[in-house]
Amino acid sequence: SSGINAEYGGNTWPRDDIKPLLGLKHDPDLISIGFEELGDTEAWESEADEILSHLGYYRVKLNTMSIMQVAVFAKKRHLPYISHIETEYTKTGFGGTYGNKGGTTIRFRLYDKTLAIVNCHLSAHHNQVPLRDEEYWNIISEQDFEDPLTRHLYDHDYLIWSGDLNYRVNLSNEEVRAHISSNKHLDLLEYDQLRQEKAAGHAFIGFHEAQITFPPTYKFDPETDIYDTSAKQRIPSWCDRVLWRIREERQEIVSILNWGGGGGGTSDSDYLSSFSVDSNASEGECQVDGVGPSKQKRKKKKKKNVSGGAQMDSDLLEYDQ
């Protein structure tokens, strides 16, 4: 089976056709979309539903937390084999009381595999690395599920994590922009906070990421490819990311088919990226395709949505047969 994951943030409503954001080059079996900072969640829902319905996809599940969403769509032939659908979310904004930051998750069984897809928005600002790490661990530790095979996120065969992770480049604004102007942007990856935190074992342990070959995707002036010229003068960085983690028992091979970066010229968004998994269960191979890009557990009551069978959102939509 194959799938694609698209992540999009920094806009308030869909102005144009979002189909180009999905990078549908391989006719995937599954599509997941993550949004952050939505001004109108229903408008984005409708846009995604309408476009994907005409492409033959049924919505499996939608999970919304405040201005953040994650949605999963599937081809009709796979619907009978999707089960144990659950949703979870974790609020991390303002000490765990507000949903402007945090993570939304949809998990399910597909044939003999278990998948969890997380979309998140972690805290901003260059100096908030420890807080971003803490928020990651809060999402990992607080989300639990009813499926006895996968009580926790790390238990899943595939864990796909996308969103505005907000990790920055640890150099001055002048140094970063000089590297980009000299076409030496890949040298900046040495100073990427996410890579540094992964290497130190502080967050995203065991996760993989496609090789970044494109310039930083944050932050552009609206509808241009010009880096931020506002008074804030934000340091160009790779804030939006897509990562994946495969359970060791699967021992599947991962290869990259396609990967790229999207700039501000696509819309007035800050950034965009997409990612897909092409998996052959019989051969144990997994191909990934992308277009783009001390912990404490707080105990609190969280909303849980469980579908033990293949009960999904597809009955809410009308499709051309």
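Note on segment 107-208: enclosed helices (runs of 4 or more DSSP H) holding 3 or more residues that are buried (at least 23 other Cβ atoms within 10 Å of the Cβ) are 129-142. Looking at Val70, Val60, just one residue is in contact with a strand residue (DSSP E or B) (Cβ under 6 Å, 6 or more places away or on another chain), at pLDDT below 95 and closer than 16 Å to Ile160 by Cβ, and that residue is Val70.
Screening Leu243 with (1) hydrophobic (A, V, I, L, M, F, W, C); (2) outside any loop (DSSP other than H, G, I, E, B); (3) at pLDDT below 90 gives one miss only, at (3). Checked against (1) surrounded by 22 or more Cβ atoms within 10 Å (Cβ to Cβ); (2) not in a helix (DSSP H, G or I), Gly96 meets all criteria but (1). Restricting the first member to segment 113-130 and to residues that are more than 21 Å from Gln69 (Cα to Cα), and the second to residues that are at pLDDT 95 or above and of a type in the set (S, T, N, Q), the beta-carbon pairs closer than 6 Å and six or more apart or on different chains are Val129/Gln193.
How about segment 14-44: which of its residues are open to solvent by 50 Å² or more (accessible area, probe 1.4 Å) and at pLDDT 55 or above?
Asp16, Asp17, Lys19, Pro20, Leu24, Lys25, His26, Asp27, Glu37, Gly39, Asp40, Glu42
Matching residues to (1) in contact with a Leu (Cβ under 8 Å, 6 or more places away or on another chain); (2) within 20 Å of Lys101 (Cβ to Cβ); (3) β-branched (Val, Ile, Thr):
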position	(1), (2), (3)
Asn138	no, yes, no
Thr150	no, no, yes
Leu153	yes, yes, no
Ile205	no, no, yes
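The values are calculated or read from the model by the stated rules, or taken from the named source; none is laboratory data. What you are looking at is a predicted structure, and each value in this text was computed from that prediction instead of being measured. Positions of Cβ are backbone-derived with ideal geometry, glycine not excepted, and every protein chain shown enters the neighbour counts. Please note that ligands, DNA and RNA were not included when accessible areas were found on the heavy atoms of the full protein model with its side chains. Shrake-Rupley method; radii C 1.70, N 1.55, O 1.52, S 1.80 Å.
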